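One structure is given here, and the rest of the page talks about it.
The values are calculated or read from the model by the stated rules, or taken from the named source; none is laboratory data. Just so we're clear, the structure is a prediction, and the values are computed from it rather than from any experiment. Every residue, glycine as well, gets a Cβ built from its backbone with ideal geometry; the counts of neighbours run over all protein chains shown. In case anyone asks, the SASA skips ligands and DNA or RNA and just uses the protein heavy atoms, side chains included. Shrake-Rupley method; radii C 1.70, N 1.55, O 1.52, S 1.80 Å.
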Amino acid sequence: MTRDERPPRDARPFRGPWPFRGARRPWSLRTRLVVSAVALIAVVAAVIGTVTTIAFRSYLYDQADEQVRGLSQRAAGPPVVLPVPDPGRGREPFAFLGGPGAPIGTLGAVLTDGEVTSAGYSTEVAGSSGTDGPRFPVKELDAGQRAALAAVPRDGEPHTVELPGGLGSYRVAYAEGSRGTFLTGIPLTEVDDALSTLVLVELSVTGAGLVAASLAGTVLVGVALRPLRRVAATARQVARLPLHSGEVALHQRVPETEADPRTEVGQVGAALNRMLDHVHSALDARQRSETRVRRFVADASHELRTPLASIRGYAELTRRGHEECGPDTRHALGRIESEATRMTGLVEDLLLLARLDAGRPLADEPVDLVALVLDSVSDARAAGPGHHWSLELPGDGTEAEVRGDGARLRQVLLNLLANARTHTPPGTKVTARVRAEGPDALVEVEDDGPGIPDALLPSVFERFARGDASRSRTAGSTGLGLAIVRAVVLAHGGGVTVASAPGRTVFTVRLPTGANPPDDDSQAGHRRGTQP
């Protein structure tokens, strides 16, 4: 990938281990707080341990330097001031290796003209003393070890030297005195062991402290976040309520103990309570408005039925009377009767929707969907002879029986078949299908017409929704047929969906088999109200 092909920096996902941003699976607040606290404790413990180790190392090296300087002075003797022969010259040059303050492994080297002529180190504690000094075994150094000693600066200060052959690190100093020129050194094994023990103890104590801090932090943070969890529980309860329609009993509130504005969590709880109060007021006002509208629609529809019937009756009586009417009058009377019939259907549909919205209980009786589909397709074939009607029933001969209102379910099927007939051209094949799927019974109405426009699909079940010219109708339509379908199916505890593409449109009604009709809470999408 070239530089120009790389995505911009802001668009690249953050793949680091830190969970606070860009992580694929974000951590909870409790985990973040505990991890942050433990990480802070770990950093502080690392700093303290590092400083302690450095200080302890400096202290041990200072002690080793003092010890090396003492051995150097004892090995080389007093400084040369006057050419007076030293009584100690000529004695065993490594006698100081067995003296007090010389640990096992102390080395000494004699320098002659800047070259190491002899060098050795003690291998065990000195034995009994003789006239020539203490008796103890001394092991000679090989050529490589002597070469490493020869490289020590001649400044009189202690220096660390790594001796080959498994001897390890030594603290070595140069000294010159009346007994000659010497290099003396002590092993740093004890210093290294002490430092290693200190680091091990620090790591063990830090690890145990981090584990204890993690456990204690998890408990303490969990207790501290308990009020926030109660606030979240209240929010989840509200989120599960059907707030989209109907009368909602929004009584959930954050407890007063968790709504104290003096704390951060209390401020969140108090703000959530105020928001729920506003939402409850808005939902209550909406419900009262919807109830008034439904009552008005139901009352108006009920009251309009009588005058519409009267208009139709008088129009038909006049048209069939003994008085001779002209052609224009007969045409006008026919139009009055036709429009009154259409308006009566609209009023009946509005009244049915108002009753379903009000949660009016439906009949509870066994309904055979196969027989219902057979009768409905027969009626549709008589009403639309220009279409090709087809049936697909269960092949095993079993009955698809549901419990509900047979008249309303029949209206659902008639509306779906009428929708396919009126919104598709003649010659269209319409198939009614009944099948079982798990505990539900499915009724499908499929046609091979031009399909429903994509822009209309989301609102096809809304009231007064109508298609465009691609599904032109040949007869009058109120735009309430599919709305009635959805309302009736929801009142039975089922669901209805539509899938459409050019050449294939399928309406699917799903109904529970052998179940009682839902109660008032589930009818019509949890709609409640006053029964008209």
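Answer yes or no: is there a residue in segment 278-299 that is modelled with pLDDT of 75 or more, in a helix (DSSP H, G or I), farther than 30 Å from THR234 by Cα and open to solvent by less than 70 Å² (accessible area, probe 1.4 Å). Checking segment 278-299: not a single residue is modelled with pLDDT of 75 or more, in a helix (DSSP H, G or I), farther than 30 Å from THR234 by Cα and open to solvent by less than 70 Å² (accessible area, probe 1.4 Å).
Residue count for segment 26-40 satisfying the condition of being at pLDDT 85 or above and either of a type in the set (A, V, I, L, M) or not in a helix (DSSP H, G or I) (or both): 7.
ALA382: open to solvent by less than 70 Å² (accessible area, probe 1.4 Å) and either more than 18 Å from LEU482 (Cβ to Cβ) or not hydroxyl-bearing (Ser, Thr, Tyr) (or both), yes or no? No. For segment 157-166, the criterion of being aliphatic (A, V, I, L, M), in contact with a Phe, Trp or Tyr (Cβ under 8 Å, 6 or more places away or on another chain) and in a loop (DSSP other than H, G, I, E, B) is met by no residue.
In summary, TRP18 fulfils each of the numbered conditions (1) assigned to a loop (DSSP other than H, G, I, E, B); (2) modelled with pLDDT of 80 or more with the single exception of condition (2). The single condition among (1) over 24 Å from LEU352 (Cα atoms); (2) modelled with pLDDT under 90; (3) open to solvent by less than 30 Å² (accessible area, probe 1.4 Å); (4) touching a Leu at 6+ places or on another chain (Cβ under 9 Å) that VAL460 does not meet is (1). Taking residues in segment 344-357 that are within 12 Å of ALA491 (Cα to Cα), and partners anywhere that are assigned to a helix (DSSP H, G or I) and open to solvent by 30 Å² or more (accessible area, probe 1.4 Å), the pairs with Cβ atoms closer than 7 Å and at least 6 places apart or on different chains are ASP357/ARG294.
Residues in segment 167-202 that are free of Cβ contacts under 8 Å to residues at least 60 places away in the same chain and part of a helix (DSSP H, G or I): ASP192, ASP193, SER196, THR197, LEU200, VAL201. Any residue that is within 34 Å of the chain's Cα centre (by Cα), over 26 Å from ARG342 (Cβ atoms), at pLDDT 85 or above and assigned to a loop (DSSP other than H, G, I, E, B) - is there at least one of those in segment 495-518? Scanning segment 495-518, I find no residue that is within 34 Å of the chain's Cα centre (by Cα), over 26 Å from ARG342 (Cβ atoms), at pLDDT 85 or above and assigned to a loop (DSSP other than H, G, I, E, B), so the answer is no.
Taken as a whole, the structure leaves THR424 outside the set of residues that are of a type in the set (Ser, Thr, Tyr), over 15 Å from SER376 (Cβ atoms), modelled with pLDDT under 90 and surrounded by fewer than 20 Cβ atoms within 10 Å (Cβ to Cβ).
Among the residues of segment 475-493, is any surrounded by fewer than 19 Cβ atoms within 10 Å (Cβ to Cβ), at pLDDT 85 or above, in contact with a Phe, Trp or Tyr (Cβ under 8 Å, 6 or more places away or on another chain) and among the polar types (S, T, N, Q)? No, the conditions are met nowhere in segment 475-493. Which one is nearest to LEU276 (Cα to Cα) among residues in segment 218-262 that are open to solvent by less than 30 Å² (accessible area, probe 1.4 Å) and over 25 Å from the mean Cα position of the chain (by Cα)? Filtering first and then ranking leaves LEU250.
Evaluate the following for ASP10: is it at pLDDT 50 or above and part of a helix (DSSP H, G or I)?
Against the criterion (at pLDDT 50 or above and part of a helix (DSSP H, G or I)), ASP10 does not qualify.
THR341 meets each of the listed conditions (1) touching a helix residue (DSSP H, G or I) at 6+ places or on another chain (Cβ under 6 Å); (2) open to solvent by 60 Å² or more (accessible area, probe 1.4 Å); (3) not hydrophobic (A, V, I, L, M, F, W, C) apart from (1). What's the number of the condition LEU198 fails, among (1) crowded, with 17+ Cβ neighbours inside 10 Å; (2) of a type outside the set (Gly, Ala, Ser); (3) touching a Ser or Thr at 6+ places or on another chain (Cβ under 8 Å)? Unmet for LEU198, out of (1) crowded, with 17+ Cβ neighbours inside 10 Å; (2) of a type outside the set (Gly, Ala, Ser); (3) touching a Ser or Thr at 6+ places or on another chain (Cβ under 8 Å): (1).
Hey, does segment 69-83 have a residue that's at pLDDT below 50, out of contact with any Pro (no Cβ under 8 Å at 6 or more places or on another chain) and outside any loop (DSSP other than H, G, I, E, B)? No, segment 69-83 has no match at all.
Do the conditions hold for VAL412, that is, is it open to solvent by less than 30 Å² (accessible area, probe 1.4 Å), in contact (Cβ under 8 Å) with a residue 40 or more places away in the chain, part of a strand (DSSP E or B) and of a type in the set (A, V, I, L, M, F, W, C)? I'd like the intermediate steps shown before the answer.
Details: open to solvent by less than 30 Å² (accessible area, probe 1.4 Å): yes; in contact (Cβ under 8 Å) with a residue 40 or more places away in the chain: yes; part of a strand (DSSP E or B): no; of a type in the set (A, V, I, L, M, F, W, C): yes.
Spelling it out, it is not the case that VAL412 is open to solvent by less than 30 Å² (accessible area, probe 1.4 Å), in contact (Cβ under 8 Å) with a residue 40 or more places away in the chain, part of a strand (DSSP E or B) and of a type in the set (A, V, I, L, M, F, W, C).
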